Amino acid sequence: MTSNTTSSWGASTPGHISLGGNPGADDGRRDSVATDRAVVSAPDASAATAAELLPRTADHYDLFQDVTGEDLKAWADARSLADEILPRINDWWDRGEYPIELIARLGELDLLTDGLDVPGHRTLSPLATGLVTMELSRLDGSVGTMVGVQGGLALRSIMLLGSEEQKERWGDSLARGAEHAAFALTEPDHGSDSVSLETTARRDGEEWVLSGEKRWIGNGAGCHVSVVWARVDDPSDEQLHGQVSGFLVDQSLPGYEAEVIRGKVALRAIHQAHITLNDVRVGLDQRLPEARSFKDTSKVLFATRAGVAWGALGHAIACYEAALEHATKRMRLPR
Ligand SMILES: Cc1cc2nc3c(=O)[nH]c(=O)nc-3n(C[C@H](O)[C@H](O)[C@H](O)COP(=O)(O)OP(=O)(O)OC[C@H]3O[C@@H](n4cnc5c(N)ncnc54)[C@H](O)[C@@H]3O)c2cc1C
């Protein structure tokens, strides 16, 4: 039995993390880059109106013009961050570079909670949650995905299914973006059918021993904690044996190996990892107690489905605005 079973970031025998190199990257960073985006910036996010955030030229049915109050404030906060990021996002995208410091910036603006009730943080309404995802995805899908992974999936798993101690340990820290978390469900052979996952959590005395592989895991490499979904192997517990449950796995633990997946054609400014779990040992208190079967995993997934649609809407608005700008402002050769 090892003593290194709880969340201690300074683990004596750290897990192996490979960032897989950064092909084509050079050391110098351009301060700004030309951008072909046509996002219209609000002059002052704190005093923005809905029409400034989404001009009527892109909101033909006035669907968003009556957004007010806290919903408008959250939307404007997301826009202010988008304005900050806009000059650099294409550069990160070209390089396939993950500006992970943005997680803390998202936390400063309290944009990471995805509608969850986290003590000390504002609780966004479903509309505000959607508008934030829409606005960040209008800038770039990678940034929308940062909120989706850290807040929507990882933080949500803990807040919905965790113990009071787990919520206290992680809730505020993840909502502030002080630490970074992953949601590790998909496996090389199980994506759409994730219910058939093969990763196991074998009970060994006072520990769980996790073995298996996970793929496409945002924040899965070089971050702090992964919520790993695994099938319980514990014949002494009739109810849990054979069921899927969630486990909080410190990414620096021995046996946790993660490699960033390269060569993506989309979401290039955020990293996903291929994770191998080689008998990773965590304490019994690292299992999410309310995660008793895949039905509980589904509760987390279900709560994030609207965000996928809001993100797609953000992409569509950005495409429309870029096309509109191009069509109306492009200089043509004289006939
Ligand atoms: C950029 C990115 C980020 C991701 N982030 C995460 C993350 O943070 N955490 C995580 O756990 N996972 C993550 N994933 C994994 C994602 O959830 C899976 O890619 C997704 O579930 C699909 O699984 P798959 O890739 O194995 O595709 P498959 O399941 O093999 O599907 C391939 C195609 O077949 C279709 N298909 C599948 N089954 C059927 C069927 N029965 N009938 C008809 N058509 C079918 C699908 O619609 C799809 O078009 C991420 C993936 C990507 C690409």
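The residues of the range 171-188 that are more than 10 Å from the ligand (Cβ to nearest atom) and free of Cβ contacts under 8 Å to residues at least 40 places away in the same chain amount to a single one, 173. Residue pairs, Cβ under 7 Å, 6 or more apart or interchain, first in the range 308-325 and in the same structural domain as residue 134 (by TED's automatic domain parsing), second exposed (fewer than 14 other Cβ atoms within 10 Å of the Cβ) and not in a helix (DSSP H, G or I). List them. What qualifies is 322/36.
Please enumerate the residues belonging to the range 171-189 that are of a type in the set (Gly, Ala, Ser), crowded, with 19+ Cβ neighbours inside 10 Å and outside any helix (DSSP H, G or I). Hits for the range 171-189 are 177, 181, 182, 184. Check whether at least one residue in the range 64-81 is buried (at least 17 other Cβ atoms within 10 Å of the Cβ), more than 30 Å from residue 276 (Cα to Cα), of a type in the set (Phe, Trp, Tyr) and modelled with pLDDT of 90 or more, and report yes or no. Within the range 64-81, one or more residues are buried (at least 17 other Cβ atoms within 10 Å of the Cβ), more than 30 Å from residue 276 (Cα to Cα), of a type in the set (Phe, Trp, Tyr) and modelled with pLDDT of 90 or more. Every condition in (1) buried (at least 24 other Cβ atoms within 10 Å of the Cβ); (2) within 11 Å of the ligand (Cβ to nearest atom) is met by residue 192 except one, and the failing one is (1). The set of residues in the range 284-318 that are surrounded by fewer than 16 Cβ atoms within 10 Å (Cβ to Cβ), away from the ligand (no atom under 16 Å from the Cβ) and among the small types (Gly, Ala, Ser) comprises 293, 306, 316.
Touching a Pro at 6+ places or on another chain (Cβ under 7 Å), farther than 19 Å from residue 93 by Cα and of a type in the set (S, T, N, Q): is that true of residue 252 in this structure? Please lay out each step first, then the result.
On the way: touching a Pro at 6+ places or on another chain (Cβ under 7 Å): yes; farther than 19 Å from residue 93 by Cα: yes; of a type in the set (S, T, N, Q): yes.
For residue 252, the condition - touching a Pro at 6+ places or on another chain (Cβ under 7 Å), farther than 19 Å from residue 93 by Cα and of a type in the set (S, T, N, Q) - is met.
Restricting the range 211-234 to residues that are surrounded by fewer than 19 Cβ atoms within 10 Å (Cβ to Cβ) and of a type in the set (Gly, Ala, Ser), the residue that is nearest to the ligand (Cβ to nearest atom) is 222. With respect to the stated conditions, residue 161 is outside the structural domain of residue 280 (by TED's automatic domain parsing) and within 16 Å of the ligand (Cβ to nearest atom). Restricting attention to the range 284-326, the residues that are part of a loop (DSSP other than H, G, I, E, B) and either within 22 Å of the chain's Cα centre (by Cα) or not small (Gly, Ala, Ser) (or both) add up to 6.
The values are calculated or read from the model by the stated rules, or taken from the named source; none is laboratory data. Just so it is clear, the structure is predicted and the values come from calculations on it, not from any experiment. Glycine gets a Cβ as well: all are built from the backbone with ideal geometry, and neighbour counts include every protein chain shown.
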